[in-house]
Every structure is written in C-alpha cells, then in structure tokens.
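Just below is one structure, and these are the notes that go with it.
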Amino acid sequence: MFAASALAVAALAFASTAAAEQHQVTFTNNCGYGTPLFLYQGNMSPQGATTVQGQLNGGIAWLDNGASCATNGVGCGAVEFTFQNTGYSQADITLEPEGSHNYLYPIGFNFINGCSNGLFCDNPNCIDQASFSPTQVPLADCQANDSGINVIFC
Ligand SMILES: *[C@@H]1O[C@H](CO)[C@@H](O)[C@H](O)[C@H]1NC(C)=O
C-alpha cells in the first residue's frame, strides 16, 4: 500500500518535470499612458501579458500609444526576444532608425523564471549600445528552460 502510493507520487513528480515548454511575458508600464503589447511568430495578433506554450520565436513588444506605433511596434522603441528550451533564449532593445524604430520612451527588460538579468535604455543615445544588429551588442541571454521576460516601459 505504502509502496504503491510512493510510486504514484514518483510518477506525478516525473510528469511535472516533463511538463510542456512555456514562456511567460509580463509588462511593467510606468509611463502613465499606453498599452503594452507583443506579438511573435506563432501569433501575429498583438496581445497583452500571457504565457506562451511551446517555443516563443521572434517576439517583439512595444508600448501602443495610440499614435506613433504600428501594429508590429514599428515607429516605436521595442524589445525583441526569442525563448527556446535549447539554451537559446535572448532579448534586446531595438531603437534602430534603419528598422523604423525610434526612441519615444524609456524601455528595457529583465528575464524572469530562471534569470533576472536584462537591459534598460533611458535616453536616445542607447541606440548603439543596445539595439538589435549582428554588429551591435549586447544582447542579453538566459540559459534557463521555461524562462520568460518582463518588459519595462519608463
Ligand atoms: C531543457 O529542456 C530541454 C527540452 O525539453 C531538455 O532536453 C533539457 O534537459 C532541459 N534542461 C534542463 C536543465 O532542464
């Protein structure tokens, strides 16, 4: 009897460690205006904070201010991110004029659920320090499985 229930507990523990991959996206908006939104390759409809099941590839988050941001963050500062349970999870801030992004508000992020590092930009001169480009690092990365991101505005 005891042995059987111990086995059942062990089976449950195994099931929970084998839980499906997931990545949480949260927002902190200190600007006093706007609506934080993101989209990613698996769901191109802009949405608010949520937990994505499976890999999260090609994510981009921005603060919809009702005016200058297109429905994919173009026109505004944005955070780009990809999360995979392969040790490949990274994020950056894009303010690149060549990518039609602009510094309109302070923007940054920190990883959550396994890492806490991140980047923050509070002035237009961050462009060359924290934007997405093969030649312009840093990107921030996180090796933890099921890690997520908190995107910060202002
Ligand atoms: C992370 O997830 C992958 C894919 O499911 C798995 O192969 C790997 O063992 C996991 N790593 C850790 C540290 O749990």
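The values are calculated or read from the model by the stated rules, or taken from the named source; none is laboratory data. From a predicted model like this one, the values you see are computed outputs, not experimental measurements. Note that each Cβ is placed from the backbone with ideal geometry, even for glycine, and that neighbours are counted across all protein chains shown. What goes into the accessible areas is simple: the full protein's heavy atoms, side chains included, and nothing from ligands, DNA or RNA. Shrake-Rupley method; radii C 1.70, N 1.55, O 1.52, S 1.80 Å.
General remarks:
- Residue in region 114-124 that is at pLDDT 75 or above, within 16 Å of the ligand (Cβ to nearest atom) and open to solvent by 10 Å² or more (accessible area, probe 1.4 Å) present: yes
- Being of a type in the set (A, V, I, L, M, F, W, C) and within 13 Å of the chain's Cα centre (by Cα) is a condition met by at least one residue of region 42-55.
- Within region 41-57, restricting attention to residues that are part of a strand (DSSP E or B) and open to solvent by less than 30 Å² (accessible area, probe 1.4 Å), the residue that is nearest to Ala91 (Cα to Cα) is Leu56.
- For region 84-98, the count of residues that are touching a Gly at 6+ places or on another chain (Cβ under 6 Å) and in a strand (DSSP E or B) is zero.
- Qualifying residue in region 135-146 (condition: assigned to a loop (DSSP other than H, G, I, E, B), at pLDDT 90 or above, at positive phi and open to solvent by 60 Å² or more (accessible area, probe 1.4 Å)): no
- Boolean, Gly58 is touching a Ser or Thr at 6+ places or on another chain (Cβ under 7 Å) and touching a residue at least 24 places away in the same chain (Cβ under 8 Å): yes
- In region 12-21 there is at least one residue matching the filter, namely being away from the ligand (no atom under 16 Å from the Cβ) and at pLDDT below 80.
- Search result, residues across region 22-34 that are open to solvent by 40 Å² or more (accessible area, probe 1.4 Å) and either modelled with pLDDT under 95 or not in a strand (DSSP E or B) (or both): Asn30, Gly32, Tyr33
- Extreme residue, nearest to Phe27 (Cα to Cα), among residues of region 58-73 that are within 14 Å of the chain's Cα centre (by Cα), part of a strand (DSSP E or B) and of a type outside the set (A, V, I, L, M): Trp62
- In region 87-103, the qualifying residues are those that are charged (D, E, K, R) and out of contact with any Pro (no Cβ under 9 Å at 6 or more places or on another chain), and the one that is most open to solvent (accessible area, probe 1.4 Å) is Glu98.
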